[in-house]
Amino acid sequence: MLSTRDLVLSALFAALVAGLGMAPPIPLGFLPVPITAQSLGVMLAGALLGAKRGGLALLLFVLLVAAGLPLLAGGRGGVGVLMGPSGGFVLAFPVGAFVTGLLAERFATGANPIRLFAVCAIGGILAVYAGGIPWLSVVAGMPLEKAALAVMAFIPGDFIKAGIAAFAAAAVRRAGVLPTAHA
Amino acid sequence: MLGLYLHRDSAVHRLGAGVKMGGLLAATLVVLALPGALGALAAGLLGLGLLVAAKLPVGRVLRELRAPVVMLTLLFGCQALLAGTGWAETLAAVTRFAALILLATLMTLTTKVADMVDLFERLFSALRPLGVNPAKMALMLALTIRFIPLLAEQVREVRMAQQARGVERNIAALFVPLLVKILRLADDLTAALDARGYDPTDDGRHT
């Protein structure tokens, strides 16, 4: 049963993920790949909203991308992008947020950034890549291990994002503005 | 909120979103069932035919396709160099997907976002037995579309704050005020919806 607040929170975080995609990528200097902040939104939605509302937020985001809104980083959108080589990563966003939320509800209910980091890394990186790599392997006609190798360049950036998400989520929890799941 | 839709007066544009989505699904299944090269040829010819019928500018369509095609070509190039053998099958598989991406892109360019959202709402109604509440999903989609410009502006402000400070050591600290603001905003919006008599227990059957 979704309360009015649940609906509003999921919609706001779906819009946040879209807003993160419109920001120019953050260059980090020491990394070859600039960070696009979109998967940061996956981790934040899961860690702050929990499994149900976080997963729903990213589901709304993916639906609007499929509907043809240019919400992915670089102004891309449409079913074609979802069917493309990197489509599996986007399709796995809702699962990533759900897994992050599920783990956060079990193991990281406090403001401990280390626990939150682990939760964000498993949900926001492991779960998302578990969807993205097999998809890439099918679309590009390449063996699974080569597809995995091809996306390794993005892993360091994603760990930095998990760190940012963990520290931000911990600070928000300390601020005490977080709504409970059954408000 | 503008989508990727590109208006032209054509039969393809006038087709219903459901017909196009169903057609894309059927075409994908057929093409994937065919052997690689044949599938690529079938999807490619269908795509070219629709491209002409939809009267879309070829340059614009190709621009949409550039990113996935460049990526697929690079991946294929690496594989052909490293593996050497089996490149013909890989080429057929890659071309097949490129042609399918063309079909999907054509659907997006010829279908309005509002029509796609309507289609999703009809699909949610069909999922009602599974516990999906179509009225709530529709409201959330509408709210999200409404919030996107607002949140894009908020994220832009965070980025500007970051640039003003030079290379910020603690990017996380910059996101905290934004997140707190979003969570407070949620309280206000919830109160506003409740004040206007929104009833979350209404399943949208009797409107």
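Points worth noting:
- Any hit, region B:183-206, residues being under 18 Å from A:Leu40 (Cα atoms) and assigned to a loop (DSSP other than H, G, I, E, B): no
- Taking the criterion of being in a helix (DSSP H, G or I) and either surrounded by 24 or more Cβ atoms within 10 Å (Cβ to Cβ) or aromatic (Phe, Trp, Tyr) (or both), the residues of region A:67-85 that qualify are A:Val79, A:Gly80, A:Val81.
- Answer from B:Ala33, B:Ala37 - the residue that is free of Cβ contacts under 8 Å to residues at least 40 places away in the same chain, open to solvent by 50 Å² or more (accessible area, probe 1.4 Å), more than 11 Å from chain A (Cβ to nearest Cβ) and more than 22 Å from A:Arg76 (Cα to Cα): B:Ala33
- You will find that of B:Gly47, B:Gly3, the residue that is in contact with a helix residue (DSSP H, G or I) (Cβ under 6 Å, 6 or more places away or on another chain), in contact (Cβ under 8 Å) with a residue 24 or more places away in the chain, among the small types (Gly, Ala, Ser) and assigned to a helix (DSSP H, G or I) is B:Gly47 and no other.
Table: residues versus (1) in a helix (DSSP H, G or I); (2) polar (S, T, N, Q); (3) closer than 17 Å to A:Pro85 by Cα; (4) without any contact (Cβ under 8 Å) to a residue 40 or more places away in the chain.
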position: B:Val61; (1), (2), (3), (4): yes, no, no, no
position: B:Arg66; (1), (2), (3), (4): yes, no, yes, yes
position: B:Val69; (1), (2), (3), (4): yes, no, yes, yes
position: B:Cys78; (1), (2), (3), (4): yes, no, yes, yes
position: B:Ala93; (1), (2), (3), (4): yes, no, yes, no
position: B:Ala99; (1), (2), (3), (4): yes, no, yes, no
position: B:Leu106; (1), (2), (3), (4): yes, no, no, no
position: B:Met116; (1), (2), (3), (4): yes, no, no, no
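- Index of the failed condition, B:Asp115 passing every other in (1) open to solvent by less than 60 Å² (accessible area, probe 1.4 Å); (2) more than 8 Å from chain A (Cβ to nearest Cβ): (1)
Residue by residue, here is whether (1) of a type in the set (Val, Ile, Thr); (2) within 29 Å of B:Asp115 (Cβ to Cβ); (3) under 14 Å from the mean Cα position of the chain (by Cα); (4) open to solvent by less than 10 Å² (accessible area, probe 1.4 Å) holds:
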{"residue": "A:Met43", "(1), (2), (3), (4)": "no, no, yes, yes"}
{"residue": "A:Leu60", "(1), (2), (3), (4)": "no, yes, yes, yes"}
{"residue": "A:Gly87", "(1), (2), (3), (4)": "no, yes, yes, yes"}
{"residue": "A:Leu91", "(1), (2), (3), (4)": "no, yes, yes, no"}
{"residue": "A:Pro94", "(1), (2), (3), (4)": "no, yes, yes, no"}
{"residue": "A:Gly101", "(1), (2), (3), (4)": "no, no, yes, yes"}
{"residue": "A:Pro113", "(1), (2), (3), (4)": "no, no, no, no"}
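- Picking from residues in region B:165-193 that are open to solvent by 60 Å² or more (accessible area, probe 1.4 Å) and at pLDDT below 90, the one that is farthest from the other protein chains (Cβ to nearest Cβ) is B:Arg165.
- Residue match in region A:121-129 (condition: open to solvent by 40 Å² or more (accessible area, probe 1.4 Å), more than 14 Å from chain B (Cβ to nearest Cβ) and among the aliphatic types (A, V, I, L, M)): yes
- Yes/no for B:Glu89 being farther than 30 Å from A:Ser3 by Cα, within 15 Å of the chain's Cα centre (by Cα) and open to solvent by 40 Å² or more (accessible area, probe 1.4 Å): no
- Among the residues of region B:10-30, those identified as assigned to a helix (DSSP H, G or I) and over 21 Å from the mean Cα position of the chain (by Cα) are B:Ala11, B:Val30.
The values are calculated or read from the model by the stated rules, or taken from the named source; none is laboratory data. The structure displayed is predicted, hence computed values, not measured ones. A quick note on method: Cβ atoms are made from the backbone with ideal geometry, for glycine too, and the neighbour counts reach across all protein chains shown. These accessible areas exclude ligands, DNA and RNA; they are computed on the full protein's heavy atoms, side chains included. Shrake-Rupley method; radii C 1.70, N 1.55, O 1.52, S 1.80 Å.
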